[in-house]
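Encoded as structure tokens, the structure appears first; notes follow it.
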Amino acid sequence: MARKPVTKVDIPSKVLSATQKFQPVVLTLPEAHPRQYELINAFDHNPGLRFIAGACGTKFGKTYGCTIRLVKEAWENPRSLNWWVAPTFDQSIIALNLVKRLIPQGMYVEYKADRRIVILNPDGSERSEIQFKSGDNPDSLRGFAVNFFIIDEAARIPYESYESVLTTVTQTRGRGIVISTPNGRNWFHQVYQWGEKFLANGAPRFLPHQTGCSKTKGCGCPNIDPHPEWMALRMPTAANPHVPRESIEEARLNFPERRFKQEYLAEFLDDSAGVFIKIYDCMRGTFEQPQEGSGYIIGVDLAKHEDWTVLMVMHRERKHVVAFERFNRIEWEVQYAKIKDMSDKYNRALCVIDSTGIGDPIVETLRNGGVPVEPYKISSNIAKRQLIEKTRVAIERGKISYPQIIPLLHELEHYSMEITPTGVVRYSAPDHEHDDCVIALCLATWLADTEPFVYKFSSRKGI
Ligand SMILES: Nc1ncnc2c1ncn2[C@@H]1O[C@H](COP(=O)(O)OP(=O)(O)OP(=O)(O)O)[C@@H](O)[C@H]1O
Ligand SMILES: [Mg+2]
């Protein structure tokens, strides 16, 4: 397949007023290599497509290719706001420098302090804008109306930042490319899966809507694509003709096999360092009000020092998290009142509380106040292991479910395991990370997962 220039686009003369006689300026973008072309131009061939998840090997040309698309979007769409989001500011500056090389001299102004570039019309007026962002602060990514975005090295950006970026295109119906080398099975893997439209054997994963269908949500057609706005593409490093073949072969010999598969073949590997896998397979449903006749359990992780108190309410039979509260007040009166209120609201739900340390007096107070409580002591490593491992298995087998609770998803993704030189397994959150949501979920799962008691007795006479 012959390589084609991505496009030649000119600023149309209709942007000029009648009295002005500026020449239209033509933007000539560099040639994309064939697989890069396929990726960055997928929007042009797939109406209805809004998001592309590109899993690509290192040096595939992710950054180079996406700057081409970004400049094209900004150039062609007057008054548009376009974003480049990378894990750090330093990384987004790499893209900024590439972008500057693509726009003709004199056709843009750079605002260095704000890390933004304004593209100009031939008469010098402002046409559109490109901003370069860091993904490390999700709050700084909210509140804008963005028309087009790139999230580069997406698998190294927290889930919350991705969510913030998506909120910016809700009103504009904007589009974007989420591109990365895989990094375990985190949210990037999830959106990649949404975009996969074919099974491994090449058969379509979904059926089209039935004829005459209104195509609205919940239309009832069987096995339709729940994420038609997503497309996934996987590209290995070797697809970049500008990377010498021998470098890839050297890497194959010098890297551990798993690492090579992830970095060069862009394969999603099981997250061996992480404790919980298939986290996103259990993310479904919504919060629910209490239902008459239903039993509920509340996993309670009490705040110690500067932590949070977390209440995780689980429907006992369906094992679905129906309510969640997280607050960082450590006065025990406040904690007591909130736990009691939640328990009362959910049909006098049974509260499972870590009773180590400050938990003991609270358990007593709640009991005296008529709240059903079951203490669980996480004081020993064995007790903690049992607690975590039960939930680990429950998630892996899809036995529990929870709505999209961002702090919970974040903690589950980052929760880690260490094996000491003597072979003892220790579970904990990494430094500077919380684990209160994980613990609250585990406490709720611990009891919810208990099979209903079956009273067994055997008679001494063997009857
Ligand atoms: N279409 C192209 N034309 C010429 N060179 C290209 C093209 N695409 C990529 N390259 C070159 O390939 C190399 C890798 O590109 P780039 O840095 O964009 O890859 P990447 O996938 O972002 O890599 P990394 O994994 O390091 O982030 C660079 O030297 C770049 O200039
Ligand atoms: Mg790059």
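The values are calculated or read from the model by the stated rules, or taken from the named source; none is laboratory data. This is a predicted model, so every value here is computed, not measured. Don't worry about glycine lacking a Cβ; one is built from the backbone with ideal geometry, like all the others, and counts go over all protein chains shown. Just so you know, the surface numbers come from the protein's heavy atoms only, side chains and all, with ligands and any DNA or RNA stripped out. Shrake-Rupley method; radii C 1.70, N 1.55, O 1.52, S 1.80 Å.
Among the residues of segment 64-109, write down those that are out of contact with any Leu (no Cβ under 7 Å at 6 or more places or on another chain) and of a type in the set (Ser, Thr, Tyr).
If the condition is that a residue be out of contact with any Leu (no Cβ under 7 Å at 6 or more places or on another chain) and of a type in the set (Ser, Thr, Tyr), then SER80, THR88, SER92 are the ones that fit.
Hey, does segment 170-187 have a residue that's in contact with an Asp or Glu (Cβ under 7 Å, 6 or more places away or on another chain) and among the β-branched types (Val, Ile, Thr)? Let's see the steps before the verdict.
Looking only at segment 170-187, we keep the residues that are in contact with an Asp or Glu (Cβ under 7 Å, 6 or more places away or on another chain), and these are 179-182, 184-186.
From what's left, among the β-branched types (Val, Ile, Thr): 179, 181.
Yes - at least one qualifying residue is present in segment 170-187.
Considering only residues that are crowded, with 24+ Cβ neighbours inside 10 Å, within 13 Å of ligand 2 (Cβ to nearest atom) and either among the hydrophobic types (A, V, I, L, M, F, W, C) or outside any loop (DSSP other than H, G, I, E, B) (or both), which ones fall in segment 33-64?
Answer for segment 33-64, where residues must be crowded, with 24+ Cβ neighbours inside 10 Å, within 13 Å of ligand 2 (Cβ to nearest atom) and either among the hydrophobic types (A, V, I, L, M, F, W, C) or outside any loop (DSSP other than H, G, I, E, B) (or both): GLN36, GLY54, CYS56, PHE60, LYS62.
Scan segment 240-289 residue by residue and report those that are surrounded by fewer than 17 Cβ atoms within 10 Å (Cβ to Cβ) and among the hydroxyl-bearing types (Ser, Thr, Tyr).
Scanning segment 240-289 gives SER247, SER272, THR286.
How many residues are in a loop (DSSP other than H, G, I, E, B) and among the polar types (S, T, N, Q) when one looks only at segment 87-138?
Final tally of qualifying residues: 5.
Quick one: would you say ILE117 is in contact with an Asp or Glu (Cβ under 8 Å, 6 or more places away or on another chain) and either more than 16 Å from ligand 2 (Cβ to nearest atom) or open to solvent by less than 20 Å² (accessible area, probe 1.4 Å) (or both)?
yes
Quick check on segment 84-95: of everything there that is in contact with a Phe, Trp or Tyr (Cβ under 8 Å, 6 or more places away or on another chain) and either closer than 20 Å to ASN183 by Cα or in contact (Cβ under 8 Å) with a residue 40 or more places away in the chain (or both), which residue is most open to solvent (accessible area, probe 1.4 Å)?
Out of the qualifying residues, it is PHE89.
Can you tell me which residue within segment 65-83, out of those that are farther than 14 Å from GLY176 by Cβ, touching a residue at least 60 places away in the same chain (Cβ under 8 Å) and away from ligand 1 (no atom under 15 Å from the Cβ), is least open to solvent (accessible area, probe 1.4 Å)?
Only one residue fits best here, namely TRP75.
Could you look through segment 169-195, keep only residues that are assigned to a helix (DSSP H, G or I) and within 10 Å of the chain's Cα centre (by Cα), and pick out the one that is surrounded by the fewest Cβ atoms within 10 Å (Cβ to Cβ)? First the steps, then the outcome.
Keep residues of segment 169-195 that are assigned to a helix (DSSP H, G or I), which gives 187-195.
Checking which are within 10 Å of the chain's Cα centre (by Cα) leaves us with 187-191.
On the way: TRP187: 23, PHE188: 27, HIS189: 20, GLN190: 17, VAL191: 21.
Once the filter is applied, the top-ranked residue is GLN190.
Which of the residues spanning segment 337-361 are in a helix (DSSP H, G or I) and open to solvent by less than 10 Å² (accessible area, probe 1.4 Å)?
ILE339, SER343, GLY359
Could you list, in sequence order, all residues of segment 291-318 that are more than 21 Å from SER355 (Cβ to Cβ) and open to solvent by less than 40 Å² (accessible area, probe 1.4 Å)?
Across segment 291-318, the qualifying residues are SER294, GLY295, HIS315.
If you check LEU166 against the conditions, is it of a type in the set (A, V, I, L, M, F, W, C), out of contact with any helix residue (DSSP H, G or I) (no Cβ under 7 Å at 6 or more places or on another chain), closer than 17 Å to GLY54 by Cα and not in a loop (DSSP other than H, G, I, E, B)?
So LEU166 passes the test.
Output the residues belonging to segment 107-140 that are under 14 Å from LYS72 (Cα atoms), in contact (Cβ under 8 Å) with a residue 40 or more places away in the chain and not hydrophobic (A, V, I, L, M, F, W, C).
Matches in segment 107-140: ARG127, SER128, GLU129.
Going residue by residue through segment 147-156, is there one that turns out to be modelled with pLDDT of 95 or more, within 30 Å of THR28 (Cα to Cα) and of a type in the set (Phe, Trp, Tyr)?
yes
Quick test of your reading of the structure: PRO182 fulfils all but one of (1) within 16 Å of ligand 2 (Cβ to nearest atom); (2) closer than 29 Å to ARG116 by Cβ. Name the failing condition by number.
All conditions are met except number (2).
Could you check how many residues of segment 295-324 are within 19 Å of ALA394 (Cβ to Cβ) and hydroxyl-bearing (Ser, Thr, Tyr)?
1
Considering only segment 84-102, how many residues are over 31 Å from the mean Cα position of the chain (by Cα) and at pLDDT below 95?
0
Give segment 125-135 a look and list any residue that's more than 16 Å from ligand 2 (Cβ to nearest atom) and under 25 Å from ILE40 (Cα atoms), or say none. Give the derivation first.
Residues of segment 125-135 more than 16 Å from ligand 2 (Cβ to nearest atom): 125-131.
Once the filter is applied, which keeps residues that are more than 16 Å from ligand 2 (Cβ to nearest atom) and under 25 Å from ILE40 (Cα atoms), segment 125-135 yields ARG127, SER128, GLU129, ILE130, GLN131.
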